[in-house]
Amino acid sequence: MEFFADTAETKEIAELIDLGLIDGITTNPSLIRKSGRDVFQVLSEICQMVKGSVSAEVVGLTAKEMVSEGRRLAEIASNITIKVPLTLEGLKACKILSSEGRQVNVTLCFSSNQALLAAKAGATYISPFIGRLDDLGMNGMELIEDIRIIYDNYDFDTKILAASIRSPLHVRESALAGADVVTVPPAIIKKLAQHPLTDKGLESFLADWNKTGMKIV
Ligand code: E4P
């Protein structure tokens, strides 16, 4: 399973790279706004920091606008993945951009039929939004499970990128459901490593070790 970080904050990305666990980055217009940086500057910096896929979202509403914005964003670096919304125009843009050999992430997916269409349009990634479905009292994880079955039934190459991750439980369940990628906010990535029994166990091991007076190096 690949791990992407869902952020446009270069300081957070640098910390995660140091951990050695990050395969890519996803951004969206809200995350770019939150960074307070120029979209081209920040994306170019991120693409230099991370070797893997860096999703950059278009904001046009017609396929024509999305295609020209996507081509412009792709000029930033070879690891840019163009993110388009799951609308009919977005699917049309996905088809054109993917036929040009570009990586496309179809975002804002909330149903398995939408995911089916994205795969047919040649999407590299489909981004089902788990948290936003849960917010409405629906079961976001069921969507990941359904898409996994549909994509496997027809051998679609489109990767399932579990998005709108709000908790460590979402990460665990996405992994169990067979998502190919999970994009996680940095704060949640750190939480994945934490366990009170790990802290307690380490404390008692070190207390005993210190009593031996020995050194390893
Ligand atoms: C994914 O690509 C999106 O940027 C992100 O996961 C959306 O998450 P949110 O629903 O927490 O805003």
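The values are calculated or read from the model by the stated rules, or taken from the named source; none is laboratory data. Not measured: the values here are computed from a predicted model. Cβ sites come from the backbone with ideal geometry, for glycine too, and all protein chains shown count toward neighbours. Just the protein is used for accessible areas: all its heavy atoms, side chains included, with ligands, DNA and RNA removed. Shrake-Rupley method; radii C 1.70, N 1.55, O 1.52, S 1.80 Å.
Structure data summary
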item	result
Relative contact order (%) - the stretch 2-212, alpha-carbon pairs under 8 angstrom, separation at least six	16
Candidates Leu108, Leu136, Leu176: whichever shows maximal mean-square fluctuation once the chain is modelled as a Gaussian network with Cα springs under 10 Å	Leu136
Magnitude of the charge dipole, the stretch 109-166, Cβ model with Lys/Arg +1 and Asp/Glu -1, debye to 20	200
Given Lys92/Lys120; Lys95/Lys120; Lys64/Lys92; Lys51/Lys120; Lys51/Lys92; Lys95/Lys159, the pairs whose alpha carbons are separated by over 18 Å	Lys51/Lys120; Lys51/Lys92
Mean separation of Cα contacts under 8 Å (6+ apart) over length of the stretch 70-117, as relative contact order %	36
Calculated SAXS-style log₁₀ I(q)/I(0) at q = 0.08, 0.12 Å⁻¹ - the chain, Debye, Cα scatterers	-0.32, -0.63
From phi via Karplus (6.51, -1.76, 1.60), per-residue ³J(HN,Hα) for the stretch 107-121 in Hz, x at Gly/Pro	10, 6, 9, 10, 8, 6, 5, 4, 5, 4, 5, 4, 5, 5, 7
Carbon plus sulfur fraction of accessible area for the chain, probe 1.4 Å, in percent	55
Nonlocal amide H pairs with Glu2, under 5 Å, H built at 1.01 Å	Val181, Val182
Angle in degrees between helix 39-49 and the longest Cα principal axis of the chain, rounded to the nearest 10	50
Heavy-atom accessible area per residue - the stretch 2-212, 1.4 Å, Å²	53
Dipole magnitude of the stretch 82-217, debye to nearest 20 (Cβ charges: Lys/Arg +1, Asp/Glu -1, about Cα centre)	460
Positive-end residue, the stretch 39-139 charge dipole about Cα centroid, Cβ charges, pick of Ile76, Gly122, Gly137	Gly122
Nearest-ten-degree value, helix 10-19 long axis tilted from longest Cα axis of the chain	60
Farthest toward positive dipole pole in the chain [+1 Lys/Arg, -1 Asp/Glu at C-beta], among Ser99, Trp209, Ser55	Ser55
Helix 168-177 axis, angle to the chain major axis (alpha carbon atoms, nearest 10°)	60
Long-range amide H partners of Lys83 with built H, under 5 Å	Ala56, Glu57, Val58, Asn105
